[in-house]
Amino acid sequence: MPTARHLKTAATDASAPKTDPAVTETVAQIIADIRDRGDVAVREYSEKFDNWSPPSFRLSDDDIEQIVARVPGEVIADIKTVQHNVRAFAQHQRDSLTDFEIETAPGVHLGQRNLPVSAAGAYAPGGRYPLVASAHMTTVTAKVAGVPHITACTPPIRGEIPAATVAAFHLAGADDIYLLGGVQAVAAMAMGTDTMRKVDMLAGPGNAYVAEAKRQLFGTVGIDLFAGPTEILIIADADADPFVVAVDLLSQAEHGPDSPAILITESETLAHKVIEVIDTLLPGMPTRDFAAPAWRDHGQVIVVENITAAYELADSFAAEHVQIMTAEPRRALTSMSNYGALFLGEMTCVSYGDKVIGTNHTLPTRHSARYTGGLWVGKYLKTVTYQEITSATASAELGELCGRSARVEQFEGHARSGDVRAAKFGDATLAWAHPEHTWR
């Protein structure tokens, strides 16, 4: 690990998974209750947590038309533009995944297919930040993958319908849209109720309770990721603009009070200037109630010997968002391997990825970029295989090989499946079979 000097150190480690026993227990009880009582329990929890109990949580076509009509025209146009960007990138991802069939030996045919899941659930949270962009990332991506049915859920916000989010889900192609939030929404989608279709895959962010619900429901359904606090790591050289660096760090710190914002630089001068700019900007930032504690408790500024050392250190963080503000930003493509997404050069920022550029913003956190990427078309696909043998000779040869291989592992039943074909399609004999049985 390169030598590094910390000008600012995080007070606590936000990357370590934290489980609140109270949250775990509450979520488990809600899931169990919905499993037992279905729609009745869903309605009770919606009344309790959101004070929301309409005649139907599902929006009708007329409801959607009226809601979308209330959204300003410019917002609709922007949603369509962003969804075009997301759709175009997702389509390139889908096109990169090909089905194939090969003949590995005469008469031995092996193939691969990429099949979409039958139904997906998309969740967009409300609360302080109604994440309209989550509708694009979950629903557009699933539709490009070929998912035939998408159920979308988003909660009311203080009793009001989040019209822009509903419009985004509708324009993205959601088949059913429910005004329903929290654990009750994701549990209902995962397990199904009398009024809500069961899904096979859940995607979308949420608060600690929603995240815990997805964790507990994983296995019952697939999920996109185990999400943690949003992270940003910036690598900057001596020529980087300290004002831009500071603004970009704070742009992600506002996600929540536990969001890490990290600067790694070769320039101690730049490091001090960035700290000064942040100290100047924070008091006037409208979201300082989140950004200030995030920077205070989880912000880091680290000075290293050179940019090569910066790349090496950054890889050890395996951060969600890594922004490169150096003279040669594309060096990061060959110098780094652990990141959720790279943002190359001063003209590119993480916020573009979050909101508009077209790549998916659902990305790995808490060091999980060491072993996984983010949400993409492939998450909604099952890569499956098939096999066919059309040559008697090949089947007999494989039968003999299977018999020997299985017996090494003491799987006699497996071995006999091979023996039968070696005898039926070749010249082998079955010493263990009943002598009166005719195999040909």
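The values are calculated or read from the model by the stated rules, or taken from the named source; none is laboratory data. This one's a predicted model, so the numbers in the text were calculated from it and none came from an experiment. Glycine also receives a Cβ, built like all others from the backbone with ideal geometry; neighbour counts cover every protein chain displayed. Accessible surface is based on the protein model in full, side chains and every heavy atom, while ligands, DNA and RNA are left aside. Shrake-Rupley method; radii C 1.70, N 1.55, O 1.52, S 1.80 Å.
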Kindly write out, for region 394-405 in residue order, the coupling ³J(HN,Hα) from the Karplus curve 6.51 cos²θ - 1.76 cosθ + 1.60 (θ = phi - 60°), rounded to whole Hz, with x marking Gly and Pro. 5, 5, 5, 5, 5, x, 5, 5, 5, x, 5, 5
Assign one of three labels to the chain, namely rounded, prolate or oblate, based on the Cα gyration tensor with a ≥ b ≥ c the square roots of its eigenvalues; rounded applies when a/c is under 1.5, prolate when it is not and a/b is larger than b/c, and oblate otherwise. oblate
Expressed as a whole number of Å, what is the distance separating the alpha-carbon centroids of region 146-177 and region 328-351? 32
Apply the a/c threshold of 1.5 to the C-alpha gyration tensor of region 257-307 and tell me whether it is rounded, prolate or oblate. oblate
Using only the Cα atoms of region 1-106, build the gyration tensor, take square roots of its eigenvalues as a ≥ b ≥ c, and label the shape rounded, prolate or oblate: rounded if a/c is under 1.5, else prolate if a/b is larger than b/c, else oblate. rounded
For the chain, whose charge dipole is built from +1 on Lys and Arg Cβ atoms and -1 on Asp and Glu Cβ atoms, the candidate among ALA422, ALA294, LEU115 with its Cα farthest towards the positive end is ALA422
From the helices alone, meaning DSSP H stretches of at least four residues, give me the mean residue ellipticity at 222 nm for the chain, per-run term -39500 (n - 2.57), in deg cm²/dmol to the nearest 500. -13000 deg cm²/dmol
Only Lys, Arg (+1) and Asp, Glu (-1) charged, at Cβ; region 375-417 dipole about Cα centre in debye: 240
Sort 177-186, 54-63, 342-351 by packing, meaning the average of other beta carbons within 10 Å per residue, with the highest value first. 177-186, 342-351, 54-63
So if I place +1 on the C-beta of Lys and Arg and -1 on the C-beta of Asp and Glu, and nothing else carries charge, what would the dipole magnitude of region 153-258 be about its Cα centre? I want it in debye, nearest 20. 640
Using only the alpha carbons of region 58-113, determine the length spanned along each of the three principal axes and report them from longest to shortest in whole angstroms. 64, 26, 10
Highest GNM mean-square fluctuation among PHE218, PHE425, PHE49, for the chain with Cα springs under 10 Å, belongs to PHE425
What is the helix-to-structure angle for 73-95, meaning the angle in degrees between its Cα long axis and the longest Cα principal axis of the chain, kept from 0 to 90 and rounded to the nearest 10? 40
Modelled label-to-label distance, HIS149 and VAL420, 7 Å Cα→beta-carbon offset: nm? 3.7
What fraction of the DSSP beta bridges in the chain is antiparallel, stated in percent and rounded to the nearest 5? 35
Theoretical gain in end-to-end length, ASP62 to MET347 [0.36 nm per residue, Cα-Cα removed]: 98.3 nm
Report the residue, chosen from GLU397, GLU328, GLU44, that carries the largest GNM mean-square fluctuation when the chain is represented by alpha-carbon nodes joined by springs under 10 Å. GLU397
Going down the list LYS143/LYS198; LYS355/LYS382; LYS214/LYS355; LYS8/LYS214; LYS18/LYS273, which pairs span over 26 Å between their C-alpha atoms? LYS355/LYS382; LYS8/LYS214; LYS18/LYS273
Using the per-residue mean of other Cβ atoms lying within 10 Å as a proxy for protection, in what order, highest first, do the peptides 246-252, 88-94 fall? 246-252, 88-94
Rounded to the nearest 0.05, what FRET efficiency do ALA105 and TYR371 have when you use their Cβ-Cβ distance and R0 = 25 Å? 0.15
If you rank LEU333, LEU430 by how much accessible surface each has, with a 1.4 Å probe, what is the order from largest down? LEU333, LEU430
Is any residue of region 167-189 close enough, with backbone N under 13 Å, to a label point placed 7 angstrom from the Cα of LYS198 along the Cα-Cβ axis, and if so, which? 188-189
Estimate the FRET efficiency between ASP20 and SER316 by the formula 1/(1 + (r/R0)^6), using the beta-carbon distance for r and 25 Å for R0, to the nearest 0.05. 0.35
Considering only protein heavy atoms, what is the solvent-accessible area of ASP200 at a probe of 1.4 Å, reported in Å² to the nearest 10? 70
Could you work out how far helix 307-317 tilts from the main Cα principal axis of the chain, as a 0 to 90 degree angle to the nearest 10? 70
